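The values are calculated or read from the model by the stated rules, or taken from the named source; none is laboratory data. Keep in mind that this is a model prediction, so the values were computed, not measured. Here the Cβ positions follow ideal geometry from the backbone for every residue, glycine too, while neighbour counts run over all protein chains shown. Calculation scope for accessible area: heavy atoms of the full protein, side chains included, ligands and nucleic acids excluded. Shrake-Rupley method; radii C 1.70, N 1.55, O 1.52, S 1.80 Å.
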Amino acid sequence: MSIDVIDLRSFYSSSLGEIARRIVHKIVRQRFANCSGYSILGVGYATPYLEIFREEAVRVLAFMPAEQGVVNWPVSGLSSSALIETTALPLPNSCIDRALVVHALEITEHPRDLLAEIWRILTPGGRVVVVVPGRSGLWARLDRTPFGHGRPYSRGQLAELLRECLFSPTHWSEALYVPPFQRRTWLHAAAFVEEIGVGLSLPCGGVLIVEATKLLYRPIAIRNPLAYAEPRRQPVLLPEPAGVTPGMVTGRIVS
């Protein structure tokens, strides 16, 4: 089930949305620490996490799926957002250095096609950060936030999907250990709860965040050469009637 872009914008303008943005943005920034001279693409509703990159990147684009709708971004200046079909991104091959996928992979009906398109537009050695709801977290169980919509992933499911689409996961994180409630008690304790969850590596974060690198060649399993070796020829022994000269059978020479 998709979520409307208006609901996404409303969530990030709330107190809980701002806390979620700060927590996830911190990890995204750690993975994309220096993007000077790079081209960056956000797919889904990634604009809450893209603003800081405008100060250093050559260009920053925000592609929003047709199922969600689109909003103008940034607020001032020329627009860098576009309404797109996730299975046919309007970009040439190998033109993007970094990609950020938020509120997209769990909602699209064709996750493999989306990742295949991201693979196509990334430069050799390009990297992507994917943010998806975690299956074991509380955020995926409640639909009061955007992370409660669509299909949540386990770490194994997401890793398998990325490898199928020729991406190699290089870094994993979990975030949003704080419950998705608007109560002031939880909002004030969010930083403390997050620190405990990260410090203990608890497997119940609200979102999974994975950084992956584009692979240029499909991995090939090493084959056992003995399994494909030509079978050894075994001698065939032919019975000979008594009184017949060896090597002669019914007048026919057997070699």
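Results, tabulated for the structure shown:
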{"read-out": "Residue list for segment 84-100, restricted to those being closer than 24 Å to Arg31 by Cα and hydroxyl-bearing (Ser, Thr, Tyr)", "value": "Thr86, Ser94"}
{"read-out": "Residue in segment 27-47 that is among the charged types (D, E, K, R), open to solvent by 60 Å² or more (accessible area, probe 1.4 Å) and modelled with pLDDT of 95 or more present", "value": "yes"}
{"read-out": "Selection within segment 90-117 - within 16 Å of Arg151 (Cα to Cα) and open to solvent by less than 50 Å² (accessible area, probe 1.4 Å)", "value": "Val101, Val102, His103, Ala104, Leu105, Glu106, Ile107, Thr108, Pro111, Leu114, Leu115"}
{"read-out": "One residue from Arg141, Arg120, Arg183, Arg163 being open to solvent by 10 Å² or more (accessible area, probe 1.4 Å), under 12 Å from the mean Cα position of the chain (by Cα) and on the phi < 0 side of the Ramachandran plot", "value": "Arg163"}
{"read-out": "Every pair of residues 6+ apart whose Cβ atoms lie under 8 Å, when the first sits in segment 167-191 and is under 30 Å from Lys214 (Cα atoms) while the second is among the charged types (D, E, K, R) and open to solvent by 30 Å² or more (accessible area, probe 1.4 Å)", "value": "Pro169/Arg163; Thr170/Arg127; His171/Arg31; Trp172/Arg155"}
{"read-out": "Strands (runs of 3 or more DSSP E) enclosed by segment 9-99 - at least 1 residues per element that are in contact (Cβ under 8 Å) with a residue 40 or more places away in the chain and among the polar types (S, T, N, Q)", "value": "39-44"}
{"read-out": "Segment 61-89: number of residues that are polar (S, T, N, Q), open to solvent by 20 Å² or more (accessible area, probe 1.4 Å) and within 21 Å of the chain's Cα centre (by Cα)", "value": "1"}
{"read-out": "Among (1) over 10 Å from the mean Cα position of the chain (by Cα); (2) under 25 Å from Arg22 (Cβ atoms); (3) not small (Gly, Ala, Ser) - the single one Val132 does not satisfy", "value": "(1)"}
{"read-out": "Residue selected from segment 4-16 under the condition surrounded by fewer than 19 Cβ atoms within 10 Å (Cβ to Cβ) and of a type outside the set (A, V, I, L, M), by the criterion farthest from Val193 (Cα to Cα)", "value": "Asp4"}
{"read-out": "Single unsatisfied condition, Glu117 versus (1) over 27 Å from Glu194 (Cβ atoms); (2) in a helix (DSSP H, G or I); (3) without any contact (Cβ under 8 Å) to a residue 12 or more places away in the chain; (4) not hydrophobic (A, V, I, L, M, F, W, C)", "value": "(3)"}
{"read-out": "Answer from Glu164, Glu230, Glu174 - the residue that is more than 23 Å from Asp143 (Cβ to Cβ) and modelled with pLDDT of 95 or more", "value": "Glu164"}
